[in-house]
Amino acid sequence: MNNLEISWVFLEIADLLEIQGESPFKVRAYRQAAHVLAELEEDVAHYARVGRLTELPGIGAALAAKIEELLKTGSLGYLERLRREVPAGLRAMLALPGVGPRTVRTVFTHLGVSNLDELEAAARAKKLRALPGLGVKTESAIQKGIELLRSRPRGLPLGLAYPAGAELQEILAQLHPVERVSLAGEVRRREELVEELVFVAAVAGRGRAEVHRTFQAAPYVRETLAEDAESVRVVLGLGLEARLITVPPAEFPTQVCYHTGPPAHWTALTERAAARGLELTPAVLKGPAGPVALATERELYAALGLQYVVPELRAGGEEVRAAARGRLPELIKLEDVRGDLHLHSNWSDGAENIAGLAQAAAGCGYAYIAVTDHSQSLSIAHGLSPERLKEQEKEIAAVRARFPELTILSGIEVDILADGRLDLPDEVLTARDIVVASVHSGFKQDRDSMTRRILTALAHPHVDVLAHPSGRLLGRRDPYAVDLEQVLSAAQRYGKILEINASPERLDLSAGWARRAKELGVKLVISTDAHDARRLADMEYGVSVARRAGLTQDDVVNTWPLARLQHYIRLRRDLDGEDT
C-alpha cells in the first residue's frame, strides 16, 4: 500500500471512531496521522524498513504497528473490527454531501436513526432541525442528497460533480507514477449535468497497476465496475460513475483532447487533420514524416492550423470551422467579473449581515455589489416591506462608510405576482439602485399565463433584471412553462438585463438560451443569488455557462466599470419613463 491508501485507512478509522463517540483526542490522532502520510513526499515503506516510523510527526508505536500491518498484509484487523461494530446503514450516510461522522452520531444518538430510510423519514418529519449543530439548511441538504441518491439521475449537477472531480484529480496528481493528469469529459466542458467523471493520467513505466489500485481505494469509491490494462471504472458515493484512463506520457495531449470530446468536435478535428495531410488518432498526430511531437493540447490545435478551442466551446464542430477562420470570441473569464448584483442578507433569508457580504465581496476583489433581499409577499423568506427597506437603507449606509473601496448598491428582488404586477409600489422601486424581478410562486401556471406574467413585468419601467428566467432547479424541478423566445424578445425591446444565475442548482439561463440572448443583443448579468458569504464563490459556475454561450465582456454587464453599468440602467429607465 502507498502513502495515500494508508492515509485513507486512517481517515476511515477516525470517522468510525467519531460515530462511536470515542475520545476526540483519539479521533484527532488518526486524522493528524492521515494528514502527515498524505503530505509525506518519501514512501512510508522506507521509514518502516529502516525502523523510523515513530520519527514521523504524530506517529507513535501503536500507529506505527498499524502502518507495518498494512504494508505487510494490505489490510488491518482493527479497521475490520470497527466496520463490524458500526452498522452499515450509519456508514452509508457518510456518502451524502455535507454529512460527516459528527452528524451521523447526532442523529443516531438523539433519534435512533441507523439507516438512510430512517434518516429520510426524520428529515421529512422536520425532526433534524432541532438537533444540536444541525438546523433547517442541514435538514434540507440531507433531504436533497437522499433524493439524488435514490433517483440515480441522468446526471449530477456540475456543482456536485466538479468538486468531487477536482479532489480526485488532486489525489491522482500526488501519485509518484503520475506525470500529468487532467479532468476530461463533461466536467471539463462544464456541462450543467454530469453523467461520468473522466480522468486522463500520463503514467510512465509499470506504474499503471498502482495508480488503478489507489484510484479504486479512494474514500469516495463505492464499487468497481470494470478494469483493464488501460482504464478502471468505478461508482462514487452519490451514484456518479468515474473513469480513469492511464496513457503513456507521449500520448497525453491527444488523449486528453479525445476524452474531453464531445465526439462531434473530435470528428471535426480528424477531418481537419486529413485535409492537411495528417492523421489524428487518440494516441498520436501523425504526418508524412511520422508522429508529430506535442507537449500540450494547445500545440495540437496549432499543428492543425487552428485557434485553441477552449473546452467550454467544444460542441458540434462549428467551433472548429470558426477556429480555422480565427473567429473565436475572447471569452469572459472569472477575473473579469467586477461585482455581484444579486445577494441576500439576513434582512430576508440570508445568513450574513450586510457587512459580512461586503467583507466577502472585498475578498473577491469586487468593485461593487447589490443587496437584493426578497420583497414582502415572500413571507417564508421574511421578505421586506417598504418600512423595513427604509430601515435596511440605514444599515447599508453605515456599511458603506466601513468599505469605501466597495460600492454597495441598494436593491431588491421583487416578486412578480401571478398577474404580472410587482410586489412593491413604484415609489419604493424607483428609489432602488437596481431592481431584480423574479417568479417565486405559481410555478404551475400554463404557458400562456406564465409568459404573459413575465412579459408584463419586463414592460414595467422600474425592472432592470429578470432573475433565474426559467425557474428550474437542476435534477429537482423542471423549468416552468414559459415561451423564452418571447421573453428574450421583450428583454431586447425594453433593454432589460437577463440573469445567468450562478447557483449550481440553477445555472439559469442555460448556455443555449444565453447564446440566443447574445444573438438578439440582450445584455446579461452573472449573479450568484448567494444567501451566505461562501456562496459568492459560485460565480465560477455562472462564468462557465457564459463561456459555453460564447459571451464576451461586452455581453455581461457586471464585467463593466460601475459608471458604465449605472449609465446603462439610468438611460434605460429614462427611456422607459418616456414611453409610459
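So the values come out like this:
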read-out	value
Order of His46, His374, His35 under a 10 Å beta carbon neighbour criterion, fewest first	His46, His35, His374
Semi-axis lengths, Å, the chain, gyration tensor of Cα atoms, sqrt of 5 times eigenvalues	45, 34, 21
Selection of trypsin sites (Lys or Arg not before Pro), the stretch 285-366, meeting DSSP coil and at most 11 other Cβ within 10 Å	Arg325, Arg327
Restricting the stretch 271-376 to GluC sites (Glu not before Pro) in coil, as DSSP defines it, with at most 12 other Cβ within 10 Å	Glu330
Computed over the chain: relative contact order in percent, which uses C-alpha pairs under 8 Å that are six or more apart	9
Rounded D (µm²/s) - the stretch 255-371, Kirkwood Rh over Cα pairs, Stokes-Einstein at 4 °C, 1.567 mPa s	75
Extension gain (nm, one decimal) between Ala431 and His110, 0.36 nm per residue minus Cα-Cα	110.6 nm
Square roots of 5 times each gyration tensor eigenvalue, C-alpha, the stretch 269-320, largest first, Å	19, 12, 9
Extension gain from Val136 to Gln216, taking 0.36 nm per residue of separation minus the Cα-Cα distance	25.3 nm
Mean residue ellipticity (222 nm) of the chain, computed from DSSP H runs ≥ 4 via -39,500 (n - 2.57), nearest 500	-14000 deg cm²/dmol
Label-to-label distance, nm, for residues given as Leu571 and Ile380 (7 Å Cα→Cβ offset)	4.0
Pairwise Cα inverse-distance average, inverted: Kirkwood Rh of the stretch 89-150 (Å)	11.1
Net charge over other residues, Cβ less than 10 angstrom from the Cβ of Ile332 (K, R count +1; D, E count -1)	-3
Cross-link pairs beyond the 28 Å C-alpha cut-off, checked among Lys26/Lys72; Lys144/Lys444; Lys333/Lys496; Lys144/Lys518; Lys26/Lys127; Lys26/Lys126	Lys144/Lys518; Lys26/Lys127; Lys26/Lys126
Qualifying trypsin sites (Lys or Arg not before Pro) in the stretch 127-199, DSSP loop, other Cβ atoms within 10 Å at most 12	Arg154
Ellipsoid equivalent to the stretch 152-247 - semi-axes via the Cα gyration tensor, in Å	22, 14, 11
Cα centroid separation, the stretch 346-365 to the stretch 245-308 (Å)	46
Stokes-Einstein translational diffusion, the stretch 391-507 - Kirkwood Rh over all Cα pairs, 1.306 mPa s, 10 °C, in µm²/s	104
Inter-site label distance for Glu299 and Glu68 at 7 Å from Cα along Cβ, in nm	4.8
Evaluated over the stretch 182-318, the Cα radius of gyration and Dmax, each in Å	15.8, 48
Kirkwood Rh and Cα Rg combined as Rg/Rh, the stretch 490-549	1.01
Derived scalar couplings ³J(HN,Hα) [the stretch 7-24; Karplus, 6.51 cos²θ - 1.76 cosθ + 1.60; whole Hz; x for Gly, Pro]	4, 5, 4, 5, 5, 5, 4, 4, 4, 5, 5, 5, 4, 6, x, 5, 4, x
About the Cα centre, charge dipole magnitude for the stretch 253-328 (Lys/Arg +1, Asp/Glu -1 at Cβ), debye	180
Per-pair calculated FRET efficiency, R0 = 41 Å: Leu193 and Glu22 via Cβ, rounded to 0.05	0.55
Relative contact order of the stretch 463-557, pairs being alpha-carbon contacts under 8 Å that are 6 or more residues apart, as %	28
Hydrodynamic radius (Kirkwood) for the stretch 65-190, which is based on Cα pairs only, to one decimal in Å	17.3
Dipole magnitude of the chain about its Cα centre (Cβ charges: Lys, Arg +1; Asp, Glu -1), debye to nearest 20	480
Kirkwood-based Rg to Rh ratio, the stretch 1-86, C-alpha trace	0.95
Alpha-carbon centroid distance for the pair the stretch 75-93 / the stretch 118-134, whole angstrom	24
Lys/Arg +1, Asp/Glu -1 at C-beta; the stretch 245-399 dipole; positive extreme among Asn353, Gln392, Trp266	Trp266
Residue order, fewest to most surrounding Cβ atoms within 10 angstrom, among Phe215, Phe25	Phe25, Phe215
Sequence ranges 303-311, 408-416, 198-206, ranked by mean other-Cβ count within 10 angstrom, highest first	408-416, 198-206, 303-311
Quarter of Cα convex hull surface for the stretch 481-580, i.e. mean projection, nm²	7.2
For the stretch 173-246: relative contact order, % (alpha-carbon pairs under 8 angstrom, 6 or more apart)	29
Net charge dipole size for the stretch 338-579 [Lys, Arg +1 and Asp, Glu -1 on Cβ; Debye, nearest 20]	560
Most positive-pole-ward Cα, Ala34, Ile6, Ala65, against dipole of the stretch 1-86 from beta carbon charges	Ala65
Isotropic mean projected area of the C-alpha convex hull, the stretch 338-579 (nm²)	11.6
Using alpha-carbon coordinates, inclination of helix 447-458 to the longest axis of the chain, degrees	70
Ranked by how many other beta carbons lie within 10 Å on average, peptides 51-59, 105-113, 396-404, 504-512 from highest	504-512, 105-113, 51-59, 396-404
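Quick note: the coordinates plus some simple rules give every number you see, no bench work behind them. Worth saying up front: this structure is predicted, and the values here are computed from it rather than measured. Every residue, glycine among them, receives a Cβ derived from its backbone with ideal geometry; neighbour counts consider all protein chains shown.
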